[in-house]
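Participant: Structure in structure tokens, see below.
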Amino acid sequence: MTFDIARVRAGYPALAEGFVHFDGAAGTQVAASVADAVATTMRTAVANRSGAFEPGRRAYRIVDAARAAVADLVGAAPTGVVLGPSATALTWTVARALAQDWRAGDEVVVSRLDHDANVRPWVRLAAEVGATVRWAEFDPDTGELPTAQYRDLVGERTRLVAVTAASNAIGTRPDLPAIAATAHAADALVYVDGVHATPHGVTDMTALGADFYVTSAYKWSGPHLAAVAADPARWAPLRPAKLIPAPDDVPDRFEAGTPSFASLAGVTAAVDHLASLTGEDADGDRRERLRVGLAAAAAHEEALLDRLLTGLEKLPAVRVLAAPPGRCPTVSFRIDGQAPARTAAALGDRGICLSAGDYYAYEYFAAMGLRDSGGAVRASVYHYNTVDEVDLLLTELDRLAG
């Protein structure tokens, strides 16, 4: 279907300020419908969850709607969606629960391509119980995460494989089904960090082989909340630390404290926004409309990425960090002789917003030998970006590199 970029951009009030946003990997701008949902909820009588009166019943409906929305987004069951403040916090929660059954000599496999949120919790908890951490290495020349290595890394003592669906540094999308098949053959669980991947295409966590799949709403036009999805039966035997009177059902037992009901309304609105990217009259249920809308958005983003990469190749002073074909629309680069922070600040002075540093991809930049010298500059394309914005970025980089 046709992707009407003008109509899409009109749905983001913040874009009217005139800044150019290539920082979606750090957080996207919020859709108008999301802001409206949050504001409306805050102006409406909503109490803590209770069946005794209508404002309390509204709270139940808001939570249930958010679970259902995330389930449609990632291909999960609503009763298997755990909501929380961030992907990092939720991963710690899951890691602590799983590690209760780990013993000395057990093994976990992590990747040097991952955001540290899908590395450090597993490394720390493995150390606490005496489990062994095994590392999957990426190819520095191609940016790939070779799948074959998992046949050597995964064994009969492997309890968990943690891997990203897409690198937040260079966009690499590992072959998750192949990795998961190797893990599941050894009866190991697979925890997938989908934070960077979810905004850039259709997600089916079952097809990916994910036992757990975590995503953050503020990376897909929503508020600062996150969710981790799993089969409800997968959650059932896990016993997280909780207050005695707190609900003991799945998924409630994994959510400590009272949530922000207004923000949860924003999560639902963000998923509905993604489902309307090709127009309000799109056909099918929400899951089908998400498939169509995100596929159209991904095609738009891929065209912009191709234009950006082609332009960067023409700038001899710009070094692009390698990534394989099929990456998310994310590029990390450095200008020869210029600190990444200086490059980002100079672009920021021109109203172009990009990230600089290691973006919490700690192991990646350490392995590349770039962390101590400032990491890199990251341009992350999102569906509201335009051809003119890509060309402006290239023009300004040419000026800075000259």
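Participant: Give segment 334-348 a look and list any residue that's under 27 Å from the mean Cα position of the chain (by Cα) and more than 22 Å from G369 (Cα to Cα), or say none.
Facilitator: Matches in segment 334-348: A345, L347, G348.
Participant: Kindly indicate whether A379 is crowded, with 23+ Cβ neighbours inside 10 Å and either part of a strand (DSSP E or B) or of a type in the set (A, V, I, L, M) (or both).
Facilitator: On the way: crowded, with 23+ Cβ neighbours inside 10 Å: yes; either part of a strand (DSSP E or B) or of a type in the set (A, V, I, L, M) (or both): yes.
So A379 passes the test.
Participant: Among the residues of segment 205-251, what is the count of those that are part of a loop (DSSP other than H, G, I, E, B), in contact with a Pro (Cβ under 6 Å, 6 or more places away or on another chain) and not aromatic (F, W, Y)? I'd like the intermediate steps shown before the answer.
Facilitator: So the first thing to find is which residues in segment 205-251 are part of a loop (DSSP other than H, G, I, E, B), and the list is 209-211, 220-225, 230-231, 236-251.
So of that shortlist, the ones also in contact with a Pro (Cβ under 6 Å, 6 or more places away or on another chain) come out as 209, 220, 250.
Okay, now just the ones that are also not aromatic (F, W, Y), so 209, 250.
Residues that pass the stated criteria total 2.
Participant: Also, quick follow-up: Which residue, of E363, E280, is of a type in the set (D, E) and either modelled with pLDDT of 95 or more or buried (at least 18 other Cβ atoms within 10 Å of the Cβ) (or both)? Don't jump to the end; show me each part of the working.
Facilitator: Working: E280 fails: either modelled with pLDDT of 95 or more or buried (at least 18 other Cβ atoms within 10 Å of the Cβ) (or both).
Going through E363, E280 in turn, just one is of a type in the set (D, E) and either modelled with pLDDT of 95 or more or buried (at least 18 other Cβ atoms within 10 Å of the Cβ) (or both): E363.
Participant: Restricting to segment 40-56, name every residue that is among the aliphatic types (A, V, I, L, M) and without any contact (Cβ under 8 Å) to a residue 40 or more places away in the chain. Working first, answer last.
Facilitator: To start, the set of residues in segment 40-56 that are among the aliphatic types (A, V, I, L, M) comprises 42, 45-47, 52.
If the condition is that a residue be among the aliphatic types (A, V, I, L, M) and without any contact (Cβ under 8 Å) to a residue 40 or more places away in the chain, then A45, A47, A52 are the ones that fit.
Participant: Looking at (1) free of Cβ contacts under 8 Å to residues at least 40 places away in the same chain; (2) on the phi < 0 side of the Ramachandran plot; (3) loosely packed, with under 14 Cβ neighbours inside 10 Å, which one does D141 not meet, given that it meets all the others?
Facilitator: It is condition (1) that D141 fails.
Residues are listed down the side, and each one gets a yes or a no for (1) outside the structural domain of A25 (by TED's automatic domain parsing); (2) crowded, with 18+ Cβ neighbours inside 10 Å; (3) in a helix (DSSP H, G or I):
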site: A47; (1), (2), (3): yes, no, no
site: A52; (1), (2), (3): yes, no, no
site: D64; (1), (2), (3): yes, no, yes
site: L73; (1), (2), (3): yes, yes, yes
site: V82; (1), (2), (3): yes, yes, no
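Participant: Looking at (1) under 22 Å from A298 (Cα atoms); (2) in contact (Cβ under 8 Å) with a residue 60 or more places away in the chain; (3) among the small types (G, A, S), which is the only condition A210 fails?
Facilitator: (2)
Participant: Another question about this same structure. Say whether the condition of being in contact with a Leu (Cβ under 6 Å, 6 or more places away or on another chain), in a strand (DSSP E or B) and closer than 25 Å to K219 by Cα is met by at least one residue in segment 316-323.
Facilitator: Start the filter on segment 316-323 by keeping residues that are in contact with a Leu (Cβ under 6 Å, 6 or more places away or on another chain), which leaves 318, 320.
Remaining after also requiring in a strand (DSSP E or B): 318, 320.
Keeping just the survivors that are closer than 25 Å to K219 by Cα gives 320.
Yes, segment 316-323 contains a residue that is in contact with a Leu (Cβ under 6 Å, 6 or more places away or on another chain), in a strand (DSSP E or B) and closer than 25 Å to K219 by Cα.
Participant: Surrounded by fewer than 23 Cβ atoms within 10 Å (Cβ to Cβ), farther than 24 Å from P55 by Cβ and aliphatic (A, V, I, L, M): does that describe A262?
Facilitator: Numbers: surrounded by fewer than 23 Cβ atoms within 10 Å (Cβ to Cβ): yes; farther than 24 Å from P55 by Cβ: no; aliphatic (A, V, I, L, M): yes.
Considered against the rule, which asks whether it is surrounded by fewer than 23 Cβ atoms within 10 Å (Cβ to Cβ), farther than 24 Å from P55 by Cβ and aliphatic (A, V, I, L, M), A262 comes out as no.
Participant: For segment 6-18, which residues satisfy the criterion of being surrounded by 15 or more Cβ atoms within 10 Å (Cβ to Cβ) and in a loop (DSSP other than H, G, I, E, B)?
Facilitator: G11, Y12
Participant: Which condition number does A52 fail, the rest of (1) closer than 24 Å to S260 by Cβ; (2) under 23 Å from the mean Cα position of the chain (by Cα) being met?
Facilitator: So the condition that A52 fails would be (2).
Participant: Just checking, which of A6, A87 is touching a helix residue (DSSP H, G or I) at 6+ places or on another chain (Cβ under 9 Å) and either touching a residue at least 40 places away in the same chain (Cβ under 8 Å) or under 30 Å from L347 (Cβ atoms) (or both)? Reasoning before the result, please.
Facilitator: Numbers: A6 fails: touching a helix residue (DSSP H, G or I) at 6+ places or on another chain (Cβ under 9 Å).
Among A6, A87, only A87 is touching a helix residue (DSSP H, G or I) at 6+ places or on another chain (Cβ under 9 Å) and either touching a residue at least 40 places away in the same chain (Cβ under 8 Å) or under 30 Å from L347 (Cβ atoms) (or both).
Participant: So is A181 farther than 21 Å from Y213 by Cβ and either out of contact with any Ser or Thr (no Cβ under 7 Å at 6 or more places or on another chain) or surrounded by fewer than 21 Cβ atoms within 10 Å (Cβ to Cβ) (or both) or not? Please lay out each step first, then the result.
Facilitator: Working: farther than 21 Å from Y213 by Cβ: no; either out of contact with any Ser or Thr (no Cβ under 7 Å at 6 or more places or on another chain) or surrounded by fewer than 21 Cβ atoms within 10 Å (Cβ to Cβ) (or both): yes.
Against the criterion (farther than 21 Å from Y213 by Cβ and either out of contact with any Ser or Thr (no Cβ under 7 Å at 6 or more places or on another chain) or surrounded by fewer than 21 Cβ atoms within 10 Å (Cβ to Cβ) (or both)), A181 does not qualify.
Participant: Could you please find all residues in segment 277-309 being over 21 Å from A66 (Cβ atoms), of a type outside the set (A, V, I, L, M, F, W, C) and in contact (Cβ under 8 Å) with a residue 12 or more places away in the chain?
Facilitator: Matches in segment 277-309: T278, G279, H300, E301, E302, R307.
Participant: Okay, moving on. Residue check, T40 against (1) within 17 Å of P223 (Cα to Cα); (2) touching a helix residue (DSSP H, G or I) at 6+ places or on another chain (Cβ under 8 Å); (3) surrounded by 15 or more Cβ atoms within 10 Å (Cβ to Cβ), all met but one. Which one?
Facilitator: Going through (1) within 17 Å of P223 (Cα to Cα); (2) touching a helix residue (DSSP H, G or I) at 6+ places or on another chain (Cβ under 8 Å); (3) surrounded by 15 or more Cβ atoms within 10 Å (Cβ to Cβ) one by one, T40 breaks only (3).
Participant: Of everything in segment 204-255, what is within 16 Å of G84 (Cβ to Cβ) and of a type in the set (S, T, Y)? Give them in sequence order.
Facilitator: Residues satisfying the conditions are Y213, T215, S216, Y218.
Participant: Step by step: first the residues of segment 292-311, then only those that are of a type outside the set (S, T, Y) and farther than 20 Å from W220 by Cβ, then the one that is farthest from the chain's Cα centre (by Cα). Which residue is that?
Facilitator: Result: G311.
Participant: Which ones in segment 331-359 are part of a loop (DSSP other than H, G, I, E, B) and surrounded by fewer than 19 Cβ atoms within 10 Å (Cβ to Cβ)? Quick ask: steps written out before the conclusion?
Facilitator: Narrowing segment 331-359 to residues part of a loop (DSSP other than H, G, I, E, B): 336-339, 350-351, 354, 358-359.
Matches in segment 331-359: D336, G337, Q338, A339, R350, G351.
The values are calculated or read from the model by the stated rules, or taken from the named source; none is laboratory data. Source: prediction; values computed, not measured. Virtual Cβ from ideal backbone geometry, glycine too; neighbours counted across all protein chains shown.
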